[in-house]
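Have a look at the structure below before the remarks.
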Amino acid sequence: MKNVNDLPFLAEAKDAIEILKLDKAKMMAVAANPAATKWGVFFLVVPAVVNLILSAISFPSGFGSILSRYVLWPTIIPVLSFVGGLYLIHVAATKLFKANADFWGFFRIASYSYLIYWLTLIPALLMTVSFFVGGGLGSLVSLVASIWTLVVAYHVMTDYYKLNQQNAILALIIGAVAFAIVGSILGGVLVGSYYKMY
């Protein structure tokens, strides 16, 4: 029988779970590992792609709706907003608060923590059966995932960026506001008034 470390996805998912459990040593190991960047992108992209497919299934026009702005962009905008928010947190930490840390290390840790968003696949699956079963649950899961991702980011600010508690919180507030602004702008431009972050 194969060891979990012989199966790349399972080994990386295990690392992501340790990061979600706020394992500081694992955060630093992932931050320092350039190979973790591709896995971070994988953790970011998979829920968007699966949600896109599930959304297309639930639309009356089926897979033809994948390229519709009402299906395509609402699944992609949260990922773009997440990465934009990360970058602005990094800028705040390094420019405003004079931290000395690498953006890609932060990206790796934060994108691994995005594994929690894979839980949004459960309500998305339920919505393919019945909109009323999964609709509100999806928003709740996304909100909880966002809050926990901020908790992880706070620990990254204090342990990786070496910011004090006050500056770490201010950097995260800047990032959260940036996430909301970037998402609203992209949603307004690419989708229209129909778009809502949650």
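The values are calculated or read from the model by the stated rules, or taken from the named source; none is laboratory data. As the structure is a prediction and not an experimental result, all values here were calculated from the model. Cβ placement follows ideal geometry from the backbone for every residue including glycine, while neighbour counts extend to all protein chains displayed.
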| request: Please specify each residue of segment 154-173 satisfying the condition of being out of contact with any Phe, Trp or Tyr (no Cβ under 7 Å at 6 or more places or on another chain) and touching a residue at least 24 places away in the same chain (Cβ under 8 Å). | output: HIS155, MET157, ASP159, TYR161, LYS162, LEU170
| helices (runs of 4 or more DSSP H) wholly inside segment 33-149 that include at least 1 residues being at pLDDT below 75, surrounded by fewer than 20 Cβ atoms within 10 Å (Cβ to Cβ) and among the aliphatic types (A, V, I, L, M) | 36-58, 72-91, 121-129
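Select from segment 1-32 the residues that are in a loop (DSSP other than H, G, I, E, B), exposed (fewer than 11 other Cβ atoms within 10 Å of the Cβ) and modelled with pLDDT of 95 or more and list them in ascending order. Outline the logic, then answer.
Pass one, segment 1-32, residues in a loop (DSSP other than H, G, I, E, B): 1-3, 7, 21-23, 32.
Filter again for exposed (fewer than 11 other Cβ atoms within 10 Å of the Cβ), leaving 1-3, 21.
Once the filter is applied, which keeps residues that are in a loop (DSSP other than H, G, I, E, B), exposed (fewer than 11 other Cβ atoms within 10 Å of the Cβ) and modelled with pLDDT of 95 or more, segment 1-32 yields only LYS21.
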